[in-house]
Every structure is written in C-alpha cells, then in structure tokens.
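Notes follow once the structure below has been shown.
The values are calculated or read from the model by the stated rules, or taken from the named source; none is laboratory data. Values in this document were obtained by computation on a predicted structure and should not be read as measured data. Note that each Cβ is placed from the backbone with ideal geometry, even for glycine, and that neighbours are counted across all protein chains shown.
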Amino acid sequence: MSFSFKRISAKLFSFFVRGLLLLAPVYVTGYIIFNLLDSLDSQFFVQYRGTGLIVLIAIIMIVGFLGSTFISIPVVQIFEEAIIRIPLVGIIYSSLKDLVGAFVGDKKKFNQPVLFFINKENGIRKIGFLTQEDLHFLSLKDAMMVYCPHSYALSGELFIVPSASITPLALPASDVMKMIISGGVSLSQDTKNNY
C-alpha cells in the first residue's frame, strides 16, 4: 500500500514539475507583456488595451522618418548638443544613446563575441563582447575592451583584456547574448551541433 502511494505521489509530483516548466514561462511572459501594454495605454490615455503600443510604434516611425530627412538632421544635432551640455542629463542621455545604438544602430557593438581567461591557473574563462580594439587613447598597447553582460540583469562589467588572451567565438552574437543572459541555459541544440 505504501509502495503504491509513493509511486503515485512521485508520478503526481513529476506531472506538477512538468506543468510548472510549461506554464511558468508562458505566464511570466504574458504578465510582462500585459503590464507593459497596460503601462503604455495609461501613458497615452487610451481606453482599449494594446492601443498604446500602436501609438508608440507610430510615434517611433514618424520620428525615425523625420530624423532621416535632410532638413531635420541639423535640428537633431542642435538638440543633442544642447542636451549633452546639461550636467548629469548629458551623461545619462549619451550613455543611453550609445547603449541603444550598440544593440540596434548602424554601429552595433555587441556583434563580436569573445572568450577570455580571467584565471589561467584554474582555467576559468568569461564570455563577452569586444567593444574597442584600439586602446591607444588610454595609452595601452596590445589590449582590448570586452563588455560582459550579467545574467538575468540589465547590467554588466567592462574588462580591459590583453589581446593575446582573447579568442573570437564563431557563434551568432544573438545566441551568445541569450546564453549569457540566461546564465548558460538558453543555447539551442542547433548551435551546439553546428559549432
């Protein structure tokens, strides 16, 4: 009787764990999207859920279109120069602009994944993204800057690494970023097999 109870309870627990693994990511994703849409709707004072997202996309596209015309380029430059001159605001603005540009602009920076030693004696390595190859402005030769994002966070660390210690990775930058952000969990089987 007790043996049967243990088998049944173990089976029920395994069903629970499997259900949790299937539902938790769906629930958390839905929760984040729902709250994001709700926040956007309240920002634009719209009644129907999701309308705020449409308004935001439209605004971004209009600003992008206006920002690419030859008339508005000097206006944007004057506006940016004025913002950069404001103490503290200029630092925040220029840092955020560079960060966004590193991900989606013409000058993407997080597109060169690398591997480097942080402790050669024990063979401990770190994965990051090469951001600067020439450090003469710091009076450093044979060194490069590598940015290492933290897992499950919007933060990271900047390392100055000897060039000889850096090994380029022949992996798609997006896969490497997912792998780092997920703490090494999210690496597709295709990537493991192909590289």
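For the condition among the β-branched types (V, I, T), under 20 Å from the mean Cα position of the chain (by Cα), surrounded by 10 or more Cβ atoms within 10 Å (Cβ to Cβ) and modelled with pLDDT of 80 or more, V100 does not qualify.
For the stretch 121-138, the set of residues classified as surrounded by 10 or more Cβ atoms within 10 Å (Cβ to Cβ) and assigned to a loop (DSSP other than H, G, I, E, B) consists of E133, D134, L135, listed by residue number. Being over 28 Å from V185 (Cβ atoms), surrounded by 10 or more Cβ atoms within 10 Å (Cβ to Cβ) and of a type in the set (A, V, I, L, M) is a description that applies to L56. Being more than 19 Å from G184 (Cα to Cα) and without any contact (Cβ under 8 Å) to a residue 12 or more places away in the chain is the filter here, so list the residues in the stretch 139-159 that pass it. Answer for the stretch 139-159, where residues must be more than 19 Å from G184 (Cα to Cα) and without any contact (Cβ under 8 Å) to a residue 12 or more places away in the chain: S139, K141.
Could you tell me which residue of the stretch 139-170 is farthest from F110 (Cα to Cα), considering only residues that are surrounded by 11 or more Cβ atoms within 10 Å (Cβ to Cβ) and either modelled with pLDDT under 85 or touching a Cys at 6+ places or on another chain (Cβ under 6 Å) (or both)? The residue in question is S151. Check V185 against each of (1) modelled with pLDDT of 85 or more; (2) among the aliphatic types (A, V, I, L, M); (3) exposed (fewer than 11 other Cβ atoms within 10 Å of the Cβ) and name the one condition it does not meet. Going through the list (1) modelled with pLDDT of 85 or more; (2) among the aliphatic types (A, V, I, L, M); (3) exposed (fewer than 11 other Cβ atoms within 10 Å of the Cβ), V185 breaks only (1). Is it the case, given these coordinates, that F34 is exposed (fewer than 10 other Cβ atoms within 10 Å of the Cβ) and either closer than 30 Å to K97 by Cβ or modelled with pLDDT of 80 or more (or both)? Judged against the criteria, F34 is not a match.
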